[in-house]
Amino acid sequence: AGLLVVALKRRRTRRRRNARTPSRRVAGAWHEVVDRYQELGATPRANATTSEFARGLQAADLVDVEDGALLLALAHDADEAAYHPLPADDDRAGTAWERSDQLVARIDQRQGLLTRTKNRVDPRPLFRTDPLTPDEETDE
């Protein structure tokens, strides 16, 4: 069962990273980070904005100052991609994924091998609604 969870998570990450539109790729970068924090026990409120979620992680001491700034920048990227009148471009999507990758790497660095392994097989993020529906997947 653990290998299936790992495979499904990798597929989801690939789908998010390769989404057809830059706005969807930005949303995918945000959701990838939210998934990692969910594995650590953070539960995003359904009605929380991206910034509220980021600040909540800071208040709960789940992120340090540097990670908090990176997380808030990614939250801003996600909000702009979702609500700005002009669609996000490829550069914005690339920046969002760079920030997401940095945050995921920093989360991993702070965890021991056992915790990282446990998080890789944690199915909770798979139960959260993904921003990409199957008919809007990717150009893989």
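The values are calculated or read from the model by the stated rules, or taken from the named source; none is laboratory data. These figures come from a predicted structure and were not determined experimentally. With ideal geometry, Cβ positions are generated from the backbone for all residues, glycine too; neighbour counts draw on all protein chains shown. These area figures cover heavy atoms from the full protein model, side chains too; ligands, DNA and RNA do not enter into them. Shrake-Rupley method; radii C 1.70, N 1.55, O 1.52, S 1.80 Å.
Any idea which of ASP61, ASP79, ASP35 is open to solvent by less than 20 Å² (accessible area, probe 1.4 Å) and not aromatic (Phe, Trp, Tyr)?
The unique qualifying residue is ASP35.
State whether the residues of segment 119-140 include one that is outside any helix (DSSP H, G or I) and more than 25 Å from ARG14 (Cβ to Cβ).
no
Find the residue count for segment 4-32, including only residues that are free of Cβ contacts under 8 Å to residues at least 12 places away in the same chain and either open to solvent by 70 Å² or more (accessible area, probe 1.4 Å) or not hydrophobic (A, V, I, L, M, F, W, C) (or both).
Looking only at that region, the number is 3.
Looking at ASP64, ASP108, ASP122, ASP79, can you tell me which residue is without any contact (Cβ under 8 Å) to a residue 60 or more places away in the chain, among the acidic types (Asp, Glu) and closer than 25 Å to GLY2 by Cα?
ASP108
Tell me, which helices (runs of 4 or more DSSP H) lie completely within segment 7-104 with 1 or more residues that are modelled with pLDDT of 95 or more?
Correct list: 22-39, 65-83.
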